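Only one structure is covered here, and it is reproduced in the block below.
Please treat every number below as a calculation from the coordinates, not as lab data. Everything numeric here is computed off the predicted structure, so don't read it as measured data. Here the Cβ is made from the backbone with ideal geometry for all residues, glycine too, and neighbour counts use every protein chain on show.
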Amino acid sequence: MTSAVTSALHDSALLKAARGEAVPHTPVWFMRQAGRSLPEYLKVREGIAMLDSCMDAELITEITLQPVRRYGVDAAIFFSDIVLPLKAIGVDLDIVPGVGPVVAKPVRTLEDVAAIPDLTPEALPFITAAVRSLTSELAGINGGTPLIGFAGAPFTVASYLVEGGPSKEHAKTKALMFGAPDVWEALMVKIADIAAVFLETQVAAGASAIQLFDSWAGALTPDDYVRHVQPHSARVLERVGSLGVPRIHFGVGTTNLLGLMGDAGADVVGVDWRTPLDRAIPMVGDRAVQGNLDPTLVFAPTEVMTARAAEVIEAGRAAKGHIFNLGHGVIPSTDPDQLARLTEFVQSYPLD
Ligand code: 1CP
C-alpha cells in the first residue's frame, strides 16, 4: 500500500475516534451490516452454503463491499464468521440456515481439546487474498475506508464447541468451566491461539482495526469472567495490540463486565443497547466506546429512530472517543433504506 493510502486511512474518522482524537463526524458502521438484510447479499449467496461463501475470496470481497457501497459507512467489517477458523483447521462443523453454527462432536475432554489442530496462516489463503483485494478496493472509497477484521473471543467460541450449537444458558460450557478446570484451561488456551492467528492474518494482509466478539460473555459473573475468561481474551488482544491496530471488544448483556472487558486490553469497548452510554462511559474509563442504538429502532418511524440516534451521539461525546453502531447486529428484516437514512443522519450530525 502507498503511504498516501496508509495516511488517509490513519486519518479516517473511525481510526481517529478509536484513538480518542477529534473527528469531523461521528464514524458509523453496523454489526452484521453485510448479510441477510441486503437483497444483493441474498442474491449472491443463492445456492452457496454460508461457510463455502466464507472461503471464497471473490465472494468475501463482494459481500464485504455491499454495505459500504450502499450506505457509505465509515468502515467495512470483514465477511466471515467466528467459527470459520475452526472449519479451516478441519473441525467438523457447519452453519445451518435458521440455526447457526452446529458442531458434530462437542468438546468435553482433554483428548477432544488435543484433537483440535493449531491454526497457521497457511490454512487461510482465502482470508489473506480477500483482505488484500478488499483493502485495495476500499482505499478508493470515500477517501479511504478502513477494514475491520474480527474473531470470536475464547468464551463465545468455546460455547459453540462445548454446547455443539447455539445456546441460551451456556449450561454445558459453564459446567465444564466450573467442573473441569484443566479441560477448560486447555480449551481456552487453544482457542485463544486460534483467534490470535486469525486476527494476525487479517492485520498482516491489511485490516486497519479488529473487533473481538465475546457475544455471550454476559452469561458470566464478574468473578468468573476474571478467573476463567479474561486472561485468555487478554492474550488475544495483547498479541494483536503489538501490531498497532485499534482493538474493539464487544459483548451482549455486559453491563457488569464493561470495565473488565476494557481491562482485557481493548482500545474501544462495544456497548450493547441495554446499557445507556452515559452509564457505560464511566465504567470503561479512559477508552473509546462503540454503540449502541437499539437495533429494533430501525422499525420505528424515521424521526423516532433519528431522535434516539441523536441521544446516543450526544451521550457519546463524554467518552474518549465514540464510534456509532447498533447495540447488536442488524436484524435480518431491517429495511436497508432505514440504515441508509441512519448513516446519513449520524455522519451529518453537527459536533461543534
Ligand atoms: O446464511 C447466512 O446468511 C447465515 C447468517 C450469518 C451471517 C451473515 C451467520 C451465521 N454468520 C454471518 C456473518 C457474520 N458472523 C459476520 C460478518 C458480517 C457482518 O458483521 O456484517 C460476523 C461479524 C459474524 C460474527 C458472529 N457469528 C458472531 C458474533 C457477532 C454477534 O452477532 O454477536 C456470532 C455469535 C456468530 C455465530 C453465528 N453465525 C451465524 C449465526 C446465525 C450465528 C449466531 C447463532 C446463535 O444465536 O448462537
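A few notes on this one:
- Three-way shape label, the stretch 262-336, alpha-carbon gyration tensor, a/c 1.5: prolate
- FRET efficiency, 1/(1 + (r/R0)^6) with R0 22 Å, evaluated for residue 344 and residue 300 via beta carbons: 0.85
- Under a model in which nothing but the beta-carbon of Lys, Arg (+1) and Asp, Glu (-1) is charged, the chain shows a dipole of about 240 debye around its Cα centre.
- Distance in nm between pseudo-label sites at residue 317 and residue 224 (7 Å out along the Cβ direction from Cα): 4.1 nm
- Dipole-positive endmost among 89, 195, 205 within the chain (Cβ charges, Cα centre): 195
- Cα-based Rg and Dmax for the stretch 190-343, where Dmax is the largest Cα-Cα distance (Å): 15.9, 47
- Taking label points 7 Å from Cα along the Cα-to-Cβ direction, residue 118 and residue 178 give a separation of 3.4 nm.
- Using alpha carbons only, the radius of gyration of the stretch 3-348 set against its Kirkwood radius gives Rg/Rh = 0.94.
- Potential extension, residue 204-residue 104 segment - 0.36 nm per residue separation minus Cα distance: 32.8 nm
- Within the shell of other residues whose beta carbon sits under 15 angstrom from the beta carbon of residue 69, the net charge comes to -4, with Lys and Arg scored +1 and Asp and Glu -1.
- Extending 7 Å from the Cα toward the beta-carbon at both residue 129 and residue 56 defines two label points whose distance is 1.2 nm.
- Cβ-derived FRET efficiency at R0 22 Å, residue 243 paired with residue 22, nearest 0.05: 0.35
- ³J(HN,Hα) computed for each position of the stretch 213-219 - Karplus, 6.51 cos²θ - 1.76 cosθ + 1.60, integer Hz, glycine/proline x: 8, 10, 3, 9, 4, x, 7
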